[in-house]
1. Any residue at all in the range 366-379 that's over 30 Å from Val265 (Cβ atoms), free of Cβ contacts under 8 Å to residues at least 24 places away in the same chain, in contact with a strand residue (DSSP E or B) (Cβ under 8 Å, 6 or more places away or on another chain) and in a strand (DSSP E or B)?
2. It is to be established whether one or more residues within the range 88-105 are of a type outside the set (S, T, N, Q), crowded, with 21+ Cβ neighbours inside 10 Å and within 24 Å of Gly426 (Cα to Cα).
3. Do we have Arg212 as of a type in the set (D, E, K, R), modelled with pLDDT under 95 and assigned to a helix (DSSP H, G or I) here?
4. Is there a residue in the range 130-141 that is within 27 Å of Asn421 (Cβ to Cβ), out of contact with any helix residue (DSSP H, G or I) (no Cβ under 9 Å at 6 or more places or on another chain) and in a loop (DSSP other than H, G, I, E, B)?
5. Being among the hydrophobic types (A, V, I, L, M, F, W, C) and more than 27 Å from the chain's Cα centre (by Cα): is that true of Ala11 here?
6. Would the range 391-400 turn up any residue that is crowded, with 16+ Cβ neighbours inside 10 Å, touching a residue at least 60 places away in the same chain (Cβ under 8 Å) and charged (D, E, K, R)?
7. Testing Val265 on (1) of a type in the set (Val, Ile, Thr); (2) under 22 Å from the mean Cα position of the chain (by Cα); (3) at pLDDT 95 or above, one condition comes back false. Which one is that?
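The values are calculated or read from the model by the stated rules, or taken from the named source; none is laboratory data. As the structure is a prediction and not an experimental result, all values here were calculated from the model. All Cβ positions, glycine included, derive from the backbone under ideal geometry; neighbour counts span all protein chains shown.
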Amino acid sequence: MIRWDSALAAAATLVARGPAVHRAMAEVVREAPAYQNKRFPLSPLPLTVSETAALEFSRAAEDYVRLLNKIVRLYQTEEQVRRWYRLDPAAEALVLADRRLADQVQVCRLDGYLEQGTERPYLLENNADAPAGSLFTGRINQIVAEVLERLGVDLGPASPLTYTSEHALLDVLGWPEHVAILQPAGAVTRESSEMAAAFTAAGVDAYVADPRDLRVTRGRVHFGGRPADACWNKLNTAPWRALTADGGFVARWLDAVQTDSFTHVNPFGARYVAESKLSLALPQEPRFAELFSDEERALVARLLPWTRRVAKDAPGVDGTALLYDDLIERPHRYVLKEPYDIRGDGVTIGRAVSRTGWEDAIIAGLSDGHVAQAHIPPTAYPTIGPDHPSITAMPVTFDTYVMRGRVLGFGSKAGLNPRLNVFQGGQKLAVRVIGDVSP
């Protein structure tokens, strides 16, 4: 998957250039648009990926999103599946009412690792609620490409799978006249503000709005008095659930998503069902095997780590010991995940916490319906500091942006914290897919 020949040659060249790298990075960043919600060092060395491998993986990732769409349909039609997810009444009502886009996961970021030693790509979870980086990932790729060009470092032609789009979300939304980007007042991220500005520059009336300001008047949706033909819901599902404690808020949204002139992206089925970590376990649960084809189960076995809902009577990863006993005795095998979280706060890695912390996470998992997932060690990749060019090998993610069912490109996060997240001390990496497929 990784083009190590290109990566190592470029890394050696960049380190040899010394202070010139810092000057080029500073110049390009000074001229570039905003590209981060939280400050982090930006490495001038992109994660280099083979186009051939990326294309093969993209086909599997697109198949997986189609499977997520099916899981949303199963939630809508199968009572046993709805009971298994245990959504609260407000969430269930929103999922069943928001059918304008039916079962489609319109936008998602599939977060994954390239397994250490094999570089086998795994999908660890699906971010379909408000995937960060939809705008900034392309900007990061462009910044690093410009730095390399100024320094005369040639990685070869970039594949179309190198993500650069500023308007991919407008394509998903259908370029409506009025677009609301939803975030609570006082908690607006830089990316949301930049997205509104980019969409406005493209000729769309785009603005950031608080979802609590929604009103439906004479068949038209408004936020704070401004019309909206569509909205991009940038609230993560975890904080969104807090808002649904207000029955009036839920009623207004039920009215809105059934309004013909309004499109909600992502729909609530994508957010509450496909986004849930339980969707990683559903197609692997023996009790639901009959709901999936042999091909779908083979796809899951290829792409996902072993995942189960935490229960005392469930078998563990090796199929012999019970999961509860195995979690207690072999924490290094597992990661525990809440169904919804933000910035990695709901993830507990067995080999990275104290015994007490791990046992507390198991107890919470049993009572609150969390999942246990087999631990996948990530591949490390060289990162270069822009101030004093030197190489630091860091574990990295390999994240896939899928919009309207099609892979548009990839992003990556690097860090030395066991939870690879910008808000856990990590940083973003550019990803360059290097063309090696003949036209």
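1. No, the range 366-379 contains no residue that is over 30 Å from Val265 (Cβ atoms), free of Cβ contacts under 8 Å to residues at least 24 places away in the same chain, in contact with a strand residue (DSSP E or B) (Cβ under 8 Å, 6 or more places away or on another chain) and in a strand (DSSP E or B).
2. Looking for residues that are of a type outside the set (S, T, N, Q), crowded, with 21+ Cβ neighbours inside 10 Å and within 24 Å of Gly426 (Cα to Cα), one finds none in the range 88-105, hence no.
3. No; evaluated as a whole, the condition is false for this residue.
4. There is at least one residue in the range 130-141 that is within 27 Å of Asn421 (Cβ to Cβ), out of contact with any helix residue (DSSP H, G or I) (no Cβ under 9 Å at 6 or more places or on another chain) and in a loop (DSSP other than H, G, I, E, B).
5. yes
6. yes
7. (3)
Residues checked against (1) within 20 Å of Tyr75 (Cβ to Cβ); (2) in contact (Cβ under 8 Å) with a residue 12 or more places away in the chain; (3) surrounded by fewer than 21 Cβ atoms within 10 Å (Cβ to Cβ):
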site	(1), (2), (3)
Leu214	no, yes, no
Asn233	yes, yes, no
Trp240	yes, yes, no
Asp255	no, yes, yes
Gly269	yes, yes, no
Val273	yes, yes, no
Ala281	yes, yes, no
Ala321	no, no, yes
